[in-house]
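**Student:** After the structure tokens below, expect a handful of questions from me.
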Amino acid sequence: MAQIIAEVSRTFNEYLLLPNRTRTDCGPAAVDLRTPLVRHRVGEASAIELHAPFVSAIMQAVSSPELAIALARNGGLSFIHHNQPVEEQAAAVRKVKNFKAGFVTSDTNVRPDDTLRDLVAVMRRTGHSTAAVTHDGTATGRLLGLVTSRDFHPQRHDLDGPVSGRMTPLGELPHAGGDVTLSEANARLWEERLDCLPVLDGEGHLQHLVFRSDYADNKRFPNQVVDGGKRLRVGAGVNTHDYRERVPALLEAGADVLCFDSSDGYSDWQAEALTWTKKNYPEIPIGGGNVVDGEAFTFLAEAGADFVKIGVGGGSICITRDQKGIGRGQASAVLDVAAARDAFLERTGDYVPLCSDGGLVEDYHVALALAMGADFVMMGRYFARFDQAPGAKVPTRDGFVKEYWGEGSNRARNWQRYGQGGQGLVFEEGVDGYVPYAGDLNEGLATTMAKIKSTMVSCGSVTLPEFQSSARLTLVSEQSFQESHASVTLRDTSGTVA
């Protein structure tokens, strides 16, 4: 006979937070949203820490390199999707790691005898306006000079002419040795009024470029999540089919963290893949999931998962519950798994962070997920709305929308993630549609974080651990839920009655 779980499967909409006493020292400016990303011993710091509790979903419609850059600059992290050839996913990871943030590995490189037309093509591909001219056209070749978009004009100069004719040769370029620190390089940029400072090894080979624009950029984004070399951090998704080839390629590309991506992570396949990865590449943190109960969490934590994702069927484009009848309300899942996480901590001394993935329709749902025990949230629909997401921006009569499709849809053709017993999707577990366009990620995420900070202040908390330990939750009746919404006739922004 099937086991019946007596507890009702509840969603975030069924809960509200009760206000706690707000102290005089508890204001939005005092709120610290830092949170651990990966497993650590109790009393020790996590090897990777987010400055904002947000990661983007492992989806084609969401986690592009452009969105990964924007999110990392705002304190979060993206996981580049794995539903693409290994080489393409690794290239996307490199694009994020090579983004201008401190010491930059140049990705815009040409040979001196390449044509200006070749240079234009390289600049268009990378989006950068400064190119390193090296003897072999590689990022670590012997530096011969620099050429920028200001050194030639496509209509005024012969694009079939050589790059060497328009570059500034090394002899006229200030440069630094390989032992220069970032602080010293930044000081030279300002003192010598330079835009770019090449860093060379003892034999004249290019190691890095340091840009003046990065200094001001870093001041604009003080909460960037970066590695020891001041490069933006980025994650990557992997599956349980080709991980033996994919994992080493992603590490070589510079991925900071990996995550096994599955609609149901409570499986021997994922446990075996976690064990293999931890044995062969113990230096790389790797997450597991998805799960919906404490038993499944413990299974993955004991297999070596450095964080665990929670959620089956709760995504806005997921129809797994409709198709297969499995899943759980996201609030119930987070509360159950958080209790198991705390028990695992008590038993082992290891803190394994939790990621709430799905069921986050409103901004305040994020606050509820964090209060219930999640250390950070993963969102797809939320990030797919922004300029930096890869979906096309489509005009409609009522405004713009962005394309959005689930990994379980036929458009994604991600049969490996769902494992339905063939070489393709037998039936869909996701849909294909549109989400309202929301503009720039930097502005949208800032608004969401302001709301979360305000909620935490009302609950008397200035850190996420304090929020989790002191939050008080109450169940909401249907009438109470209706009471939460405006009940007046609304006007649109033009003043017309809506």
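The values are calculated or read from the model by the stated rules, or taken from the named source; none is laboratory data. Just so it is clear, the structure is predicted and the values come from calculations on it, not from any experiment. For neighbour counting, all protein chains shown are included, and Cβ atoms are generated from backbone atoms with ideal geometry for every residue, glycine included.
**Student:** Just the residues that are more than 36 Å from the chain's Cα centre (by Cα) and either part of a helix (DSSP H, G or I) or among the hydroxyl-bearing types (S, T, Y) (or both), please, taken from region 154-203.
**Tutor:** The answer is V163, S164, G165, T168, L170, G171, E172.
**Student:** So is A45 outside any strand (DSSP E or B) and in the same structural domain as V457 (by TED's automatic domain parsing) or not?
**Tutor:** Yes, satisfied.
**Student:** Output the qualifying pairs, or none if there are none: Cβ atoms under 9 angstrom, residues six or more apart or on different chains, first residue in region 190-213 and under 15 Å from N98 (Cα atoms) and in the same structural domain as H128 (by TED's automatic domain parsing), second residue assigned to a strand (DSSP E or B) and of a type in the set (D, E, K, R).
**Tutor:** Short answer, once both residue conditions are applied: L206/R142.
**Student:** Among the residues of region 294-316, what is the count of those that are in contact with a helix residue (DSSP H, G or I) (Cβ under 8 Å, 6 or more places away or on another chain), surrounded by 24 or more Cβ atoms within 10 Å (Cβ to Cβ) and either at pLDDT below 95 or within 21 Å of Y382 (Cα to Cα) (or both)?
**Tutor:** Going through region 294-316 one residue at a time, the tally reaches 7.
**Student:** Could you please find all residues in region 348-365 being buried (at least 21 other Cβ atoms within 10 Å of the Cβ) and closer than 15 Å to G444 by Cβ?
**Tutor:** Residue satisfying the conditions is L360 alone.
**Student:** Okay, next question. Here are the criteria: (1) crowded, with 16+ Cβ neighbours inside 10 Å; (2) under 19 Å from the mean Cα position of the chain (by Cα); (3) part of a loop (DSSP other than H, G, I, E, B). Tell me which single one N290 does not satisfy.
**Tutor:** Checking N290 against (1) crowded, with 16+ Cβ neighbours inside 10 Å; (2) under 19 Å from the mean Cα position of the chain (by Cα); (3) part of a loop (DSSP other than H, G, I, E, B), the one that fails is (3).
**Student:** Out of everything in region 119-153 that is touching a strand residue (DSSP E or B) at 6+ places or on another chain (Cβ under 9 Å), outside any loop (DSSP other than H, G, I, E, B) and of a type in the set (G, A, S), what residue ends up being farthest from G202 (Cα to Cα)?
**Tutor:** Initial filter on region 119-153 (touching a strand residue (DSSP E or B) at 6+ places or on another chain (Cβ under 9 Å)): 119, 122-123, 129-149, 151.
Adding the requirement that they be outside any loop (DSSP other than H, G, I, E, B) leaves 119, 122-123, 130-134, 142-149, 151.
Now restrict to residues that are of a type in the set (G, A, S): 131-132, 145, 149.
On the way: A131: 21, A132: 18, G145: 16, S149: 29 Å.
This residue is S149.
**Student:** Do we have any residue at all in region 241-251 that's surrounded by fewer than 18 Cβ atoms within 10 Å (Cβ to Cβ) and not in a helix (DSSP H, G or I)?
**Tutor:** yes
**Student:** Could I ask something else about it? When the residues of region 406-440 are filtered to those that are surrounded by 21 or more Cβ atoms within 10 Å (Cβ to Cβ) and of a type in the set (A, V, I, L, M, F, W, C), which remaining residue is modelled with the lowest pLDDT?
**Tutor:** Among those residues, the one meeting the criterion is A412.
**Student:** Sort through V104, V147 and tell me the only one that's touching a helix residue (DSSP H, G or I) at 6+ places or on another chain (Cβ under 8 Å), among the aliphatic types (A, V, I, L, M) and at pLDDT 90 or above.
**Tutor:** V147
**Student:** Right, another one. For residues in region 135-149 being buried (at least 16 other Cβ atoms within 10 Å of the Cβ) and closer than 11 Å to M167 by Cα, which is nearest to the chain's Cα centre (by Cα)?
**Tutor:** Restricting to residues being buried (at least 16 other Cβ atoms within 10 Å of the Cβ) and closer than 11 Å to M167 by Cα, the top hit is T148.
**Student:** If you check D398 against the conditions, is it at pLDDT 95 or above, acidic (D, E) and either touching a Ser or Thr at 6+ places or on another chain (Cβ under 6 Å) or on the phi < 0 side of the Ramachandran plot (or both)?
**Tutor:** When the stated conditions are applied, D398 does not pass them.
**Student:** While we're on this one: Being surrounded by 15 or more Cβ atoms within 10 Å (Cβ to Cβ) and under 21 Å from the mean Cα position of the chain (by Cα) is the filter; apply it to region 278-287 and report the residue that is nearest to L251 (Cα to Cα).
**Tutor:** Ranking the candidates gives I284 first.
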